[in-house]
Amino acid sequence: MPQTTNLGLSIVEAAQSQKHVPVNESLDILDAIVQLGVVSAAVTAPPASPTDGQRWIVPSGATGDWSGQAGNIAAFQNGAWVFYMPKQGWTAFNNATSTLLRFDGSEWVSALPSTLALLGVNTTADATNKMAVKSDAVLFSHDDVTPGTGDVRVTLNKSAAAKDAGFTFQDGFSTRALFGLLGDDDISIKVSPDGLTFHQALTVDKDTGNIAIGAGSDANNKLLVSGENMLFTNNGDLRFVFNKGATSNDAALTFQSNFSARALIGLLGDDNFTFKVSPDSSNFHSAMVINKDNGQVSFPQGSKFSAYMFWNGPDQYIGADGWTKVGFNNTRHNDQSAYDGADYAFVAPADGYYLFGAKARFRSDTTDPTRIQMGLSVNFGVPTLDNMADVNPALAPSQTVLQLTGLLKLNTGDKVYVLTHFTGQDGYILDNENYFWGCRIA
């Protein structure tokens, strides 16, 4: 009996008897293989209770009634198994896996091509966007079928460091944000108000993992922030913790001018709280130290000195009826070198209030002066009464000691001297029996 070329359907001939038989057989074939949807392509044993009309693709290793039918379509029709041999190009939908299969002439494979030039989902792909998706949401989920790992990864691979591998976020097809490897191999976030001008928001350095906000990454700073203002706020407590590894390390804030350090505040090389300043980022001066053990405050750079007169033999001669410098020519200590031993003067290194004290022992040869005065002089002016001490030598004819203290408000560069005045008769200041001290207190 003649048959059609592709499906092998029986052809009804003229004057043929029992014409319904080949017609019905052809209808069964069409019913089995047209719009082909199989229950599974992985079942090797024929099911015990199939439903009439159900179809399977027989896999390798099939048993029972399916033995030797690998690759064929097994259809349960009219209470019996009927097998159909597929031809190249036939397709079938596998209901077990929701995949579309294609027979390549020897086996069933995925009907989707391994490579697509363009893919558009609910929209049209083009030469620039070879894959395009138009959807309110897109889901990428891990493979939960053996041998799936449970991982899900999206890989963006660029050809060179100077290229981009990133995500672009747009508003009306005008770019507002970029995220990824943008022109280098650091991870970056950039934003734009118009799709033309972009601002660097955040960068993570590829070599160190250091983070920069509002600037390019810096290999030396774990966190770099560039901006005019920064706000840290909280409805409750707000604390910053600086923890160092050892006492000899620093836990500090550094203040810079054009990236040159000018001030340090914190635990600087020990566990005392210290303020340091620098003119050049190399030489640092301790301005204030708060002792960790007792909370006492010290000012290492506060001007302090203690001077005394020692000429190694002769006492200092003092002429009569004129103010004369006391020649304190040696120092026991002289912070900031503020005391000038050659001029016998303290030179104020900064504006402020200074406290001074002085003592001197006087003598005369024969006749005593009627009055001996000693006072603090600013820039060699006559001492004022509130910074002066005096005595009548008649009360101690051979030796007299004067002591004084005084508080002076000075400007930078002012000089402070101790002056003495003998009235009516000359005399001497005894060598090495005197002192002159001072310190800045505010």
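The values are calculated or read from the model by the stated rules, or taken from the named source; none is laboratory data. Not measured: the values here are computed from a predicted model. Here the Cβ is made from the backbone with ideal geometry for all residues, glycine too, and neighbour counts use every protein chain on show. These accessible areas exclude ligands, DNA and RNA; they are computed on the full protein's heavy atoms, side chains included. Shrake-Rupley method; radii C 1.70, N 1.55, O 1.52, S 1.80 Å.
A few notes on this one:
- Within segment 90-144, being aliphatic (A, V, I, L, M), open to solvent by less than 90 Å² (accessible area, probe 1.4 Å) and closer than 30 Å to Ala70 by Cβ holds for Ala92, Ala96, Leu100, Leu101, Val109, Ala111.
- Of all residues in segment 186-207, at least one satisfies being assigned to a loop (DSSP other than H, G, I, E, B), on the phi < 0 side of the Ramachandran plot, within 20 Å of the chain's Cα centre (by Cα) and surrounded by fewer than 12 Cβ atoms within 10 Å (Cβ to Cβ).
- Residue pairs meeting the criteria (Cβ under 6 Å; at least 6 apart or on separate chains; first under 17 Å from Leu264 (Cβ atoms) and among the hydrophobic types (A, V, I, L, M, F, W, C), in segment 239-251; second open to solvent by 100 Å² or more (accessible area, probe 1.4 Å) and part of a loop (DSSP other than H, G, I, E, B)): Ala251/Phe242
- Residue among Leu231, Leu253, Leu238 that alone is open to solvent by 70 Å² or more (accessible area, probe 1.4 Å) and assigned to a strand (DSSP E or B): Leu253
- Being at pLDDT 95 or above and more than 19 Å from Ile318 (Cα to Cα) holds for only one residue in Val378, Val382, and it is Val378.
- As a summary of the residue check, Lys158 satisfies the conditions (1) over 21 Å from Gln69 (Cβ atoms); (2) exposed (fewer than 10 other Cβ atoms within 10 Å of the Cβ); (3) touching an Asp or Glu at 6+ places or on another chain (Cβ under 7 Å); (4) not β-branched (Val, Ile, Thr) except for the one numbered (2).
- Which listed residue, of Leu355, Leu419, Leu402, Leu430, is under 30 Å from Ala287 (Cβ atoms), in contact (Cβ under 8 Å) with a residue 40 or more places away in the chain and assigned to a strand (DSSP E or B): Leu355
- Cβ-Cβ contacts under 9 Å between residues 6 or more apart (or on different chains), taken from a first residue in segment 169-180 that is at positive phi and modelled with pLDDT of 95 or more to a second residue that is polar (S, T, N, Q) and open to solvent by 30 Å² or more (accessible area, probe 1.4 Å), are listed as Gly180/Thr168.
- Restricting attention to segment 358-384, the residues that are part of a strand (DSSP E or B), hydroxyl-bearing (Ser, Thr, Tyr) and open to solvent by 40 Å² or more (accessible area, probe 1.4 Å) add up to 0.
- Hey, Tyr339 buried (at least 17 other Cβ atoms within 10 Å of the Cβ), within 30 Å of Phe422 (Cβ to Cβ) and in contact (Cβ under 8 Å) with a residue 12 or more places away in the chain or not: yes
- Of residues in segment 60-74 being open to solvent by less than 30 Å² (accessible area, probe 1.4 Å) and within 16 Å of Lys87 (Cα to Cα), the one nearest to the chain's Cα centre (by Cα): Gly71
- Checklist (1) within 19 Å of Asn330 (Cβ to Cβ); (2) crowded, with 20+ Cβ neighbours inside 10 Å applied to Tyr428, failing item: (2)
- Scan of segment 210-246 for residues that are at positive phi and either out of contact with any strand residue (DSSP E or B) (no Cβ under 8 Å at 6 or more places or on another chain) or polar (S, T, N, Q) (or both), ordered by number: none
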